[in-house]
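Enquirer: This is the structure, below, for whatever I ask next.
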Amino acid sequence: MKILIYRYGSIYEPDVIGAFTKLGLTCDELGREVTNKGISQSERVDIVSKAILSNMDAGTPYLFVFSINFYPDISALCQRLRIKYVCWSVDCPVLELFSNEIKNEYNRIFLFDRHQYQWVKKYNQDRAFHLPLASDVERMDKVIADISENDRKKFSSDIAFVGSLYSEKNNYSDLNKMESFAKGFLDGIIEAQLKVYGANFMESALTDKIVEEASKYMSKYNAQSIVEPMERFLLAHAYMGYELAYRERVLTLNTLAKFYKVDLYTLSDTSPLVNVNNKGQAKTLTEMPKIFNLSKINLNMTMRPIETGLPLRIFDILSSGGFCMTNFQEELLDMFTIGEDIEAYSSIEELVDKCGYYLEHDDIRRNIAAKGYEKVKNTHNIINRMADMIRSL
């Protein structure tokens with residue numbers, strides 16, 4: 001059986017394609033957008049339609065078309081050609097989910113965040129599915145087996161964080177033109193949310209008047225048809241959510257650095273950080289697993305637009321044999337046991353205390369990391385996830 005995979009360069013694509021292949025599917029890939037980010041919507045539709053129709057004409061139609069995240073234009077095309085369009089939303093926020101095309105009959109939309117899934121389900125109840133992320137343990141094992149003595153010197157850390165500070169991805173400053181009271185209101189919500197983990201209240205705290213004022217200065221999403229107005233969501237998640245991520249990461253790293261040695265791997269501007277050792281960029285496939293494996297504590301700080309779900313970083317840390325210290329998320333307890341195969345915090349004070357404890361108790365920390373690795377290997381591996389997806393079709 002053959003499937004058609006539309007690629008845009010997601011770091012998750014190789015693992016998913018590998019899993020499909022191991023499950024017996026033949027994967028034809030369309031990868032022009034990987035190297036050409038300026039591809040037009042009409043060009044994308046033309047590329048996909050030619051691939052679908054040529055296989056139909058040859059008598060070997062695709063079982064389905066697949067992409068990471070939702071493409072409204074591909075969904076509309078598959079609706080017209082009456083072929084299933086399967087996608088897996090692995091990010092938040094995904095503004096394309098506001099498209100009216102999410103209602104299409106031939107959609108099979110999988111979403112890693114339960115809150116995101118419940119929202120999409122309102123518009124396509126029988127064709128939306130909750131599917132948490134997972135990791136390719138076999139690929140991680142190969143990287144870890146190749147760790148050298150030089151790697152141990154280069155990548156060993158007490159506390160490590162790999163990721164953006166979101167200073168370069170943040171358009172919140174566009175809202176500085178708002179009336180001072182309105183902008184202060186948004187800042188106050190962000191500061192309040194900064195102190196609360198496991199529940200996101202920013203969107204519900206916004207008044208209609210504040211949203212209307214902010215909308216004057218926000219970028220307009222180019223969509224011909226949407227299922228509902230998106231200004232409130234856009235403000236809370238794409239603007240305030242990114243600003244919150246920036247403030248949270250700077251505050252967390254600076255606080256930890258007052259007490260412990262903290263290493264950061266990022267290309268972001270690190271000028272707001274004090275006593276944090278910036279080690280530059282980490283190569284995703286060849287270096288990140290080694291960092292996770294060799295660091296005593298690996299931090300995960302989930303972006304707040306991910307309301308309930310677990311980001312890929314958690315699974316990548318654990319599948320590398322690393323110890324994961326993450327902020328609390330609602331779905332965490334559905335998949336892991338805190339203090340047994342993962343560790344979590346619900347305040348910066350708790351994070352500081354727990355880091356101190358685990359830096360002093362090597363055996364306990366290593367035992368938790370080992371159980372986390374086994375949990376992902378046996379339960380939350382990419383093969384199992386893609387098998388669950390295929391069974392749902």
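Enquirer: Placing +1 at every Lys and Arg Cβ and -1 at every Asp and Glu Cβ, with all other atoms neutral, what dipole size does the range 172-243 have around its Cα centre, in debye to the nearest 20? Write down the numbers at each step before the final one.
Expert: Values: 7 positive and 11 negative charges, 16 e Å.
In total the dipole reaches around 80 debye.
Enquirer: What net charge do the residues around K142 carry, taking every other residue with its C-beta under 13 Å from that of K142, with Lys and Arg at +1 and Asp and Glu at -1? Don't skip to the end; give the middle numbers.
Expert: On the way: positive: R139, K290; negative: D15, D136, E138, D141, D146.
Once positives and negatives cancel, what remains is -3.
Enquirer: Let me have the 222 nm mean residue ellipticity of the chain computed from DSSP H runs of 4+ only, each contributing -39500 (n - 2.57), with the sum over all residues rounded to the nearest 500. Intermediate results must be reported in sequence, preceding the final value.
Expert: Details: 17 runs with 170 residues, N = 393.
It lands at -12500 deg cm²/dmol.
Enquirer: Within the P(r) computed for the range 125-240, what percentage of the Cα pairs occupies the region above 25 Å? Mind dumping the intermediate values first?
Expert: On the way: 3298 of 6670 pairs.
Roughly 49 percent, rounded to a whole number.
Enquirer: Fully extended, how many nm does the chain gain between I338 and D388 (0.36 nm per residue separation, minus their Cα-Cα distance)?
Expert: Values: separation 50, 0.36 × 50 = 18.00 nm, distance 2.50 nm.
Stretched fully, the I338-D388 segment lengthens by 15.5 nm.
Enquirer: Can you sort F185, F161, F201 from fewest to most other Cβ atoms within 10 Å of each residue's own Cβ? Before the final figure, lay out the partial values.
Expert: Details: F185 18, F161 25, F201 13.
Lowest count first: F201, F185, F161.
Enquirer: Treating only the Cα positions of the chain as identical point scatterers, give the base-10 log of I(q)/I(0) from the Debye formula at each q in 0.10, 0.11, 0.15 Å⁻¹.
Expert: With one equal scatterer per Cα and no solvent, log10 I(q)/I(0) is -0.71, -0.86, -1.46.
Enquirer: Something else: Using Cβ counts within 10 Å as a stand-in for footprinting exposure, how do E287, E340 rank, fewest first?
Expert: On the way: E287 17, E340 12.
By the 10 Å Cβ count, ascending, the order reads E340, E287.
Enquirer: Going by a ≥ b ≥ c, the root eigenvalues of the Cα gyration tensor, does the range 186-328 fall in the rounded group (a/c under 1.5), the prolate group (a/b larger than b/c) or the oblate group?
Expert: Values: a/c = 2.19, a/b = 1.81, b/c = 1.21.
Verdict is prolate for the range 186-328.
Enquirer: Also, quick follow-up: If each of A370 and S347 carries a label point 7 Å out from its Cα toward its Cβ, how far apart are those two points in nm?
Expert: Reported label-point gap for A370 and S347 is 3.4 nm.
Enquirer: Within the set of other residues whose C-beta is less than 10 Å from the C-beta of E331, count the net charge using Lys and Arg as +1 and Asp and Glu as -1.
Expert: Working: positive: R114; negative: D113, E307, E330, D334.
Neighbour charge sum, excluding E331 itself: -3.
Enquirer: Roughly speaking, what is the stretch gain from E228 to Q79, that is 0.36 nm per residue apart minus the C-alpha to C-alpha distance, in nm to one decimal? Don't skip to the end; give the middle numbers.
Expert: Values: separation 149, 0.36 × 149 = 53.64 nm, distance 2.11 nm.
Full extension of this stretch gives 51.5 nm more.
Enquirer: Report the residues of the range 327-359 in range of a label on Q118: point 7 Å along Cα→C-beta, backbone N strictly under 12 Å from it.
Expert: Those under the cut-off are 330-331.
Enquirer: Highest GNM mean-square fluctuation, the chain, Cα pairs closer than 10 Å: which of R232, R313, R80?
Expert: Looking only at R232, R313, R80, the largest GNM fluctuation is found for R80.
Enquirer: If you don't mind, another one. Can you tell me the mean projection area, over all orientations, of the convex hull of the range 2-131's alpha carbons? Units nm², please. Provide the component values of the computation, followed by the final result.
Expert: On the way: hull surface 30.6 nm².
Average of the hull's projected areas for the range 2-131 equals 7.6 nm².
Enquirer: What's the local net charge at V211, with K and R +1, D and E -1, over the other residues with C-beta under 10 Å away?
Expert: Details: positive: K209, R232; negative: E203, D208, E212, E213, E231.
Around V211, the surrounding residues sum to -3.
Enquirer: Could you work out which residue, out of G198, G38, G188, moves most in a Gaussian network model of the chain, that is, has the largest mean-square fluctuation with Cα springs under 10 Å?
Expert: G38
Enquirer: Quick one: order Y85, Y117 by neighbouring beta-carbon count within 10 Å, fewest to most. Provide the component values of the computation, followed by the final result.
Expert: Working: Y85 27, Y117 19.
In increasing order of surrounding Cβ atoms, one gets Y117, Y85.
Enquirer: Using the Cα atoms of the range 72-126, I'd like the radius of gyration and the largest Cα-Cα distance, Dmax, both in angstrom.
Expert: When restricted to the Cα atoms of the range 72-126, Rg and Dmax are 10.5, 31 Å.
Enquirer: Lysine pairs in the range 172-243 with alpha-carbon atoms under 21 Å apart, 8 or more places apart or on different chains: how many are there?
Expert: Working: K177/K209; K177/K216; K177/K220; K183/K195; K183/K209; K183/K216; K183/K220; K209/K220.
For the range 172-243, qualifying lysine pairs total 8.
Enquirer: Sticking with this structure for a sec: How high is the FRET efficiency between S204 and T35 when r is their beta carbon distance and R₀ equals 45 Å, given to the nearest 0.05? All intermediate terms of the calculation are to be shown ahead of the outcome.
Expert: Working: r = 41 Å, r/R0 = 0.91.
Step by step, r from the Cβ atoms, then E = 0.65.
Enquirer: Oh, and also: Over all directions, what mean area does the Cα convex hull of the range 172-243 project, stated in square nanometres? Don't skip to the end; give the middle numbers.
Expert: Details: hull surface 20.2 nm².
The directionally averaged projection comes out at 5.0 nm².
Since every read-out is calculated from the coordinates, none of them should be taken as a lab result. What you are looking at is a predicted structure, and each value in this text was computed from that prediction instead of being measured. All Cβ positions, even for glycine, are placed from backbone atoms using ideal geometry, and neighbour counts span all protein chains on display.
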